[in-house]
Amino acid sequence: MNIVGVDIGGTFTDLVGYIDGKIVTSKTSTVPADPTKGIANSMELARCQPSEIDEILHGSTIAINTVLERKGARTALLTTTGFRDVYSIGRSNRIEAFNLFFNRPEPLVPRNLTFEINERVLASGEVLDPLDEKSVEDVIRQLEALDVESIAVCLLHAYANPDHERRIGEILRKSRPDLFVTLSHEILREYREYERSSTTVLNAFVGPRVGGYLERLDDYLREESFTGKTHIMRSNGGVMSLRLAQEQPVSMMESGPVAGMIGAGRLADILGFERCVGFDMGGTTAKSSLLTNGRPEIITGYVIGEPATGQPMQLPVVDIVEVGAGGGSIAWVDKTGGLHVGPQSVGADPGPACYGKGSGDPVVTDADLLLGRLNAQRFLDGGMPLDIEASKTAMQEKIAGPLGLNPLQAALGVARIADAAMSLSVRSVSVNKGVDPRDTAMIAFGGAGPLHAISIAREIFIPTVIIPKLPGTFSALGMLMASWRQDFVQTLIGRIGELDETDVAQVFGELAQTGQDQLQLDGIDQATTDFRYYADLRYVGQEHAISIPVESPDMLTGNVATISERFDREHDQRYGQSAPNETMEIVSVRLVLTAAREDSLAEQWLSEPWKPESDVASETRDVIYDDPDKPLKTQILWRPSMAAGTEVTGPAVIEEPNSTILIHPDDHVRVTDAGHLVVTLAY
C-alpha cells in the first residue's frame with residue numbers, strides 16, 4: 001500500500017510517504033498564492049506519482065490563518081428575533097482583569113450583516129412560535145445587494161430542535177445556490193448560544209476559501225490520475241473525507257499541528273514514556289501539547305488567537321498551546337529600546353534575510369545562522385544555500401545598531417528571547433496543569449524544534465529530550481498514523497438519577513443513527529468502527545463539565561453508582577478534590593466514532609531497526625552557546641551516518657537533511673536501535 005502525508009505550514013510544505021516499502025520525504029517552500037503548487041512541488045521532489053498512491057492524508061494551516069488574518073468570506077448571520085446581539089455581546093467575564101485597554105473579541109460578522117428571523121423554539125425543543133418563511137425571504141432579498149458570500153444560521157435552541165434551521169437551509173440553498181450555507185445543528189448540537197454562534201460563523205467565514213482550495217487540490221490530483229482516497233486531518237486528531245472537509249472546514253483549524261502530536265504520542269508509547277511534552281517549532285509558530293499514555297488531551301473549549309480576544313470554537317480539538325515564535329519570527333526593537341521576537345513572521349515569501357529574497361528583517365533563523373548553529377551549505381540538504389552576509393546586514397541594521405551591540409550579541413539575544421517565549425507554551429501544558437516537568441520527557445520536532453528544544457527543556461528542568469527520526473517532516477509522518485474519526489454531541493440536561501429513560505434512550509439512538517449515516521456517506525465499513533459514548537457531567541452549580549465514558553444509557557438512569565464513582569475519581573485527579581455527596585447533573589452526551597486504519601506502516605517504521613548510511617567525516621566549527629565572545633569548538637555530525645548505539649557528549653551539532661540538532665556542553669546523546677536520538681541533559 002502506498003500512502004502519502006502532506007502538511008502545509010506557513011513557511012514550508014512537508015511530505016512523508018511510504019512508497020513501495022520505503023519512506024520518502026521532501027520539504028519545500030509553501031506557495032501562499034496557491035498552496036496546491038507547494039504540494040505538486042513536494043510530490044515531484046519526493047518522486048511520488050499520484051497515480052501510484054492509494055491514499056493521501058493532508059493537513060494545512062489555511063483555515064486558521066484565514067481567521068487570524070481575517071481574510072475570510074463576507075458573511076451574514078441569521079438568528080432568532082430578539083437575539084441579534086448574542087454573537088457580538090459574547091461573555092460578560094473579563095479575562096484580563098487588570099488590562100485597562102482590554103477589548104472583547106471583534107465579531108467576524110458586523111451587526112449590519114446580522115439578521116433576525118421570526119421563530120422561537122424552547123430549550124425543551126418545543127416550538128413556541130412557528131417559522132415565518134416570509135421573514136426568511138425578506139432577508140434573502142436584502143442579501144442580494146450586500147455582496148455576501150457566505151451565510152451562518154444559528155437559531156436559539158436549534159440544538160434541541162433543528163427543524164426550523166433545516167427549513168431555512170432548504171430555502172437558502174434553493175434560492176441562493178451560489179452562497180456557502182452553514183447551519184449550526186450540522187456543526188454541533190450543543191447548548192451555549194455564544195460559542196455555538198461563533199463556531200457556526202467560523203465555519204461560514206472560512207468555508208469559501210478553504211472549499212476553493214480543497215476543490216483545486218482535488219482537481220490537481222484528478223489531473224494527475226490519482227484514484228485513491230483523500231483524507232483531511234481534523235483538529236481532533238482524526239481524519240475525514242474531502243467532501244466533509246469542504247462542508248465543515250472549521251473542523252480542520254489545527255489540522256497540521258495535531259498530526260505531529262499524534263505521531264509524538266505513538267513514539268512516547270513505543271519508548272515507554274508515560275508523560276511527554278510534544279514540542280513542534282516550525283517557521284511561523286511553536287506548539288506544545290501534553291501527552292499522557294501516548295495520547296494528547298482532547299478539549300472542547302478552544303479559542304483561535306489570543307485567549308481574551310480570539311474567536312471561540314466549541315468543537316473537540318487536541319489541546320495545543322501555540323505561540324508566535326518560529327524560525328521566521330521577526331526580531332524588532334520598540335521605541336523604548338526593548339528587543340522583541342514575533343509574533344509577526346516573514347513566512348515563506350520573502351522568508352528570512354538569509355534566504356536571499358530581499359528581506360531586510362532579521363528573524364530567528366538568521367540568528368541561528370550567525371551563531372554558527374546552522375550550516376549555510378547544508379540547509380534543506382543543500383537545496384537552499386543560506387546567505388550569512390545578508391543575515392549579518394539585517395541584524396546590524398535592525399537590532400545591533402539601535403541597541404549598540406555587535407551582530408553576534410544581537411543574534412544571541414534574539415535566540416534567547418525566542419527560547420523564553422516558547423518555554424511559556426511548554427509551561428502551559430505542564431506546570432500550569434499541575435504536572436512536574438522533571439517527571440516528563442520532551443519529544444521535539446519541526447524544522448527548527450531540535451535546534452531550540454534543549455535550551456527550552458533546560459529552562460524548566462525537563463531531564464530528557466527525544467529527537468525522532470525525520471523531525472523536520474514529523475507532522476506529515478504523524479498523518480500516516482491518524483485514523484478516521486467523527487465526534488457527535490447532543491445536549492441532554494438533567495440530574496443523574498432523575499432522568500427519563502425514554503429521553504436518554506432517544507438521545508443515544510439519535511447519536512448512533514447520525515454516526516451510522518456518516519459512516520455510509522464516507523464509505524466506512526461499520527465492522528471496523530468503534531462507537532464510544534461519553535456523558536458530560538458536573539456537580540450541580542458548576543459551570544463546566546467533565547466527559548466520562550458510559551457503556552449504555554442504563555448507566556445514567558438505573559444504578560448510577562458506577563458513573564458517580566468514575567466522575568468523582570476524575571474530578572479528584574484533575575482538581576485535587578471531589579464531593580461524592582453532591583448531586584451530579586448531565587449536560588450533554590457525546591459519541592466518538594473511530595475507524596481503525598487499514599495499515600500501521602508508519603508506526604511499524606518508527607520501531608524498525610536503524611540502518612545508517614555510509615560514514616561521513618565529522619567536522620568542527622565554532623558555535624556560540626552562552627557567550628558571543630567565547631564560541632566553542634564544536635563537533636559537527638551527520639545524523640544519517642550515525643549507527644545505532646552511538647553515544648556523543650556535547651557540545652555537538654547533529655545535522656540531517658531537514659533539521660539540525662543543537663547539543664549543549666556535557667549533554668549526552670544516544671542513538672536508539674530504531675534511530676531516534678535520546679538526549680540526557682546535564683544539570
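Is it the case that Ser600 is surrounded by 12 or more Cβ atoms within 10 Å (Cβ to Cβ) and either touching a residue at least 60 places away in the same chain (Cβ under 8 Å) or closer than 30 Å to Ile23 by Cβ (or both)? The answer is yes for Ser600.
Residues are listed down the side, and each one gets a yes or a no for (1) part of a helix (DSSP H, G or I); (2) among the β-branched types (Val, Ile, Thr); (3) in contact with a His (Cβ under 9 Å, 6 or more places away or on another chain):
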site: Ala331; (1), (2), (3): no, no, yes
site: Thr336; (1), (2), (3): no, yes, no
site: Pro343; (1), (2), (3): no, no, no
site: Asp349; (1), (2), (3): no, no, no
site: Cys354; (1), (2), (3): yes, no, no
site: Thr365; (1), (2), (3): yes, yes, no
site: Leu380; (1), (2), (3): yes, no, no
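State the number of residues belonging to the range 433-482 that are of a type in the set (S, T, N, Q), over 16 Å from the mean Cα position of the chain (by Cα), more than 21 Å from Glu274 (Cα to Cα) and buried (at least 23 other Cβ atoms within 10 Å of the Cβ). Summing the residues that are of a type in the set (S, T, N, Q), over 16 Å from the mean Cα position of the chain (by Cα), more than 21 Å from Glu274 (Cα to Cα) and buried (at least 23 other Cβ atoms within 10 Å of the Cβ) in the range 433-482 gives 0. Checked against the criterion of being touching a residue at least 12 places away in the same chain (Cβ under 8 Å), in contact with a Lys or Arg (Cβ under 6 Å, 6 or more places away or on another chain) and hydrophobic (A, V, I, L, M, F, W, C), the candidates Met233, Met240 yield just one match: Met240.
Within the range 246-288, restricting attention to residues that are surrounded by 24 or more Cβ atoms within 10 Å (Cβ to Cβ) and of a type in the set (S, T, N, Q), the residue that is nearest to the chain's Cα centre (by Cα) is Ser255. The number of residues in the range 282-332 that are under 13 Å from Ser428 (Cβ atoms), touching a residue at least 60 places away in the same chain (Cβ under 8 Å) and out of contact with any Gly (no Cβ under 9 Å at 6 or more places or on another chain) comes to 4. Looking across Ile56, Ile39, Ile19, Ile89, one residue alone is under 21 Å from Leu108 (Cβ atoms) and of a type outside the set (Ser, Thr, Tyr). It is Ile89.
Looking only at residues in the range 641-683 that are of a type in the set (Ser, Thr, Tyr) and more than 29 Å from the chain's Cα centre (by Cα), the one that is farthest from Ser26 (Cα to Cα) is Tyr683.
Would you be able to say whether some residue in the range 655-678 is surrounded by fewer than 21 Cβ atoms within 10 Å (Cβ to Cβ), aliphatic (A, V, I, L, M) and touching a Phe, Trp or Tyr at 6+ places or on another chain (Cβ under 6 Å)? Yes, some residue in the range 655-678 is surrounded by fewer than 21 Cβ atoms within 10 Å (Cβ to Cβ), aliphatic (A, V, I, L, M) and touching a Phe, Trp or Tyr at 6+ places or on another chain (Cβ under 6 Å).
Applying a threshold of 6 Å to beta carbon distances and a minimum spacing of six or more residues, or different chains, the list of pairs starting in the range 467-487 at a residue that is in contact (Cβ under 8 Å) with a residue 40 or more places away in the chain and among the aromatic types (Phe, Trp, Tyr) and ending at one that is buried (at least 24 other Cβ atoms within 10 Å of the Cβ) and not in a loop (DSSP other than H, G, I, E, B) reads Phe474/Gly260; Phe474/Gly263; Phe474/Phe445; Trp484/Val239.
For the range 571-610: of the residues being among the aliphatic types (A, V, I, L, M) and closer than 30 Å to Pro640 by Cβ, which is modelled with the highest pLDDT? If we take residues in the range 571-610 being among the aliphatic types (A, V, I, L, M) and closer than 30 Å to Pro640 by Cβ, then Leu606 is modelled with the highest pLDDT.
Checked against the criterion of being more than 24 Å from Gly327 (Cα to Cα) and of a type in the set (A, V, I, L, M), the range 645-668 has at least one qualifying residue.
The set of residues from the range 579-613 being of a type in the set (S, T, N, Q) and either out of contact with any Phe, Trp or Tyr (no Cβ under 8 Å at 6 or more places or on another chain) or assigned to a helix (DSSP H, G or I) (or both) comprises Asn581, Ser600, Gln604, Ser607.
Remark: pairs (first residue in the range 345-363, on the phi > 0 side of the Ramachandran plot; second residue of a type in the set (Val, Ile, Thr); Cβ separation under 9 Å; 6+ apart in sequence or on different chains) = Gly347/Thr11; Gly347/Thr30; Gly347/Thr284; Gly351/Thr11; Gly351/Val363; Gly351/Thr365. Scanning the range 612-623 for residues that are loosely packed, with under 15 Cβ neighbours inside 10 Å and either within 32 Å of the chain's Cα centre (by Cα) or in contact (Cβ under 8 Å) with a residue 60 or more places away in the chain (or both) turns up Arg621, Asp622.
For beta carbons closer than 8 Å, sequence separation of 6+ or different chains, a first residue in the range 255-270 that is under 20 Å from Gly282 (Cα atoms) and a second that is surrounded by fewer than 24 Cβ atoms within 10 Å (Cβ to Cβ) and among the acidic types (Asp, Glu), the qualifying pairs are Pro257/Glu322. The residues listed here are Ala421, Ala441; of these, the one that is under 30 Å from Ile299 (Cβ atoms), modelled with pLDDT of 95 or more and aliphatic (A, V, I, L, M) is Ala441.
The values are calculated or read from the model by the stated rules, or taken from the named source; none is laboratory data. The structure presented is a predicted model; accordingly, all values stated were derived computationally and were not measured. Methodologically, a virtual Cβ is constructed for each residue, glycine included, from the backbone with ideal geometry; neighbour enumeration extends over all protein chains shown.
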